[in-house]
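What follows is a set of notes on a single structure, which appears directly below.
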Amino acid sequence: MLTNVAAVLMDGVHPFELGVVCEVFGLDRSDEGLPVYDFAVASAEGPTLRTHAGFTISTPYGLDRLDEADLIVVPAGESYVRRIYPADLLDALRRATDRGARVLSVCSGVFVLGAAGLLDGRRCAVHWRHSDELSRQYPRAVVEPDVLYVDEDPVITSAGTAAGIDACLHIVRKEQGPEVANKIARRMVVPPHRDGGQAQYIDRPLPRSQCDTVGEVLTWMERHLDEEVTVEQLAARAHMSPRTFARRFQQETGTTPYRWILRQRVLLAQRLLEATDETMDAIAWRTGFGTASTLRHQFVRALGTTPQAYRRTFRGPEAAA
């Protein structure tokens with residue numbers, strides 16, 4: 001049973017990510033029949049810590065507070081991606097999982113769990129901006145860059161910022177049921193569960209670097225996303241055989257022509273959903289998907305959410321009709 005929660009901080013902690021944990025686990029909502037957690041903020045680097053926002057936090061609790069916690073949360077912090085972590089903190093996290101406690105990271109807090117060896121062989125989540133770096137530093141971790149959180153009990157990891165809310169509510173839902181999680185979510189005025197994952201928030205077109213021989217073809221493809229083209233037709237534009245073109249394309253873009261076009265079509269659909277009131281049929285035609293049902297299928301496959309939900313997220317509910 002989840003009753004005792006501790007958030008452990010280092011210098012440079014991000015106030016919002018800490019605030020998320022405090023909001024879910026640190027408030028007394030017993031007047032609504034909700035559980036009250038024995039919650040504390042513990043420091044791994046002395047009684048007074050500097051936050052990322054410039055103010056300080058003081059706490060009487062040190063790492064010994066972690067020994068009694070059912071759940072230990074590591075919020076994000078400034079330079080957490082690349083720093084040396086206190087050895088006694090890493091030891092405390094390992095001891096916690098050994099005795100059956102859970103650990104949860106919010107955004108870059110996952111790098112602390114990686115340093116403790118808790119990501120080895122486990123799936124994990126992190127803010128999409130840090131996913132490549134997390135894979136580089138901890139190659140034995142299985143990084144999933146598109147999800148909001150991953151539950152690999154006893155290690156739970158969440159993506160950037162607000163995804164910490166999703167992970168915290170998930171733990172409450174898992175331990176104390178959906179009714180408790182839903183009531184806490186209502187008090188926080190947030191959805192108890194969000195559709196989709198991080199993929200819908202990533203602003204990252206496919207790389208165009210080192211496209212020495214297929215660069216002109218890429219430009220043409222971007223301008224003709226509404227057209228159906230074959231590898232043979234693209235190869236002819238590049239004055240190559242289809243086999244040579246496919247090989248060069250893979251070498252210079254890291255993907256196949258089909259996947260490249262598909263990703264560019266999804267990116268264009270995202271821009272149209274955000275910036276226009278065009279119907280789904282019109283967007284499907286402009287992006288080369290042909291029909292609204294095909295657009296929906298490929299959009300969900302790529303981003304984990306529907307075009308209607310995406311438009312509602314980025315433009316508001318009145319634009320989702």
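Using the Cα coordinates of segment 1-72, the gyration tensor eigenvalues translate into equivalent-ellipsoid semi-axes of 22, 15, 9 Å, sorted from longest to shortest.
Give, as ranges by residue number, the residues of segment 277-291 whose backbone N falls under 20 Å from the point 7 Å along Cα→Cβ of GLN233. 283-291, by backbone N distance to the label point. Taking every protein chain into account, the accessible area of the chain amounts to 48 square angstrom per residue (probe 1.4 Å). Per-residue 3J(HN,Hα) values for segment 28-38, derived from phi via the Karplus relation 6.51 cos²θ - 1.76 cosθ + 1.60 with θ = phi - 60°, read 8, 10, 5, 5, 9, x, 8, x, 10, 9, 6 Hz in sequence order (x marks Gly and Pro). For the pair SER293 and HIS224, a Förster radius of 22 Å applied to the C-beta separation gives a FRET efficiency near 0.45, rounded to the nearest 0.05. Calculated [222 nm] ellipticity per residue, helices only, for the chain: -12500 deg cm²/dmol; basis is -39500 (n - 2.57) per DSSP H run with n ≥ 4, divided by all residues, nearest 500. Backbone geometry of segment 91-108 corresponds, through the Karplus equation with coefficients 6.51, -1.76 and 1.60 at θ = phi - 60°, to 3J(HN,Hα) couplings of 4, 5, 5, 5, 4, 4, 5, 5, 8, x, 6, 9, 10, 10, 10, 10, 6, 5 Hz, x marking Gly and Pro.
Determine the percent antiparallel among the DSSP beta bridges restricted to the chain, to the nearest 5. Taking every DSSP beta bridge with both residues in the chain, the antiparallel ones total about 30 percent.
Stretched out straight at 0.36 nm per residue, the stretch from MET1 to THR276 would grow longer than its current Cα-Cα span by 94.2 nm.
With the alpha-carbon atoms of segment 42-158 aligned to their principal axes, the span from lowest to highest coordinate is 37, 34, 22 Å, starting with the largest.
Computed from the C-beta positions of TYR258 and PHE314 and an R0 of 30 Å, the FRET efficiency is 0.65 to the nearest 0.05. Given the choices (i) 33, 25, 19; (ii) 40, 21, 18; (iii) 43, 24, 15, semi-axes √(5λ) of the Cα gyration tensor in Å derived from the coordinates of this structure is entry (iii). Rounded to whole numbers, the Karplus 3J(HN,Hα) couplings from phi for segment 267-277 are 4, 5, 4, 4, 5, 5, 5, 6, 10, 10, 9 Hz, using 6.51 cos²θ - 1.76 cosθ + 1.60 with θ = phi - 60°, and x at Gly and Pro.
Surface listing: MET240, MET10 arranged by accessible area from highest to lowest gives MET240, MET10, probe 1.4 Å.
The values are calculated or read from the model by the stated rules, or taken from the named source; none is laboratory data. Since this is a predicted model, take the numbers as computed values, not measurements. Please note: Cβ atoms are built from the backbone with ideal geometry, for glycine as well, and neighbour counts cover all protein chains shown. Please note that ligands, DNA and RNA were not included when accessible areas were found on the heavy atoms of the full protein model with its side chains. Shrake-Rupley method; radii C 1.70, N 1.55, O 1.52, S 1.80 Å.
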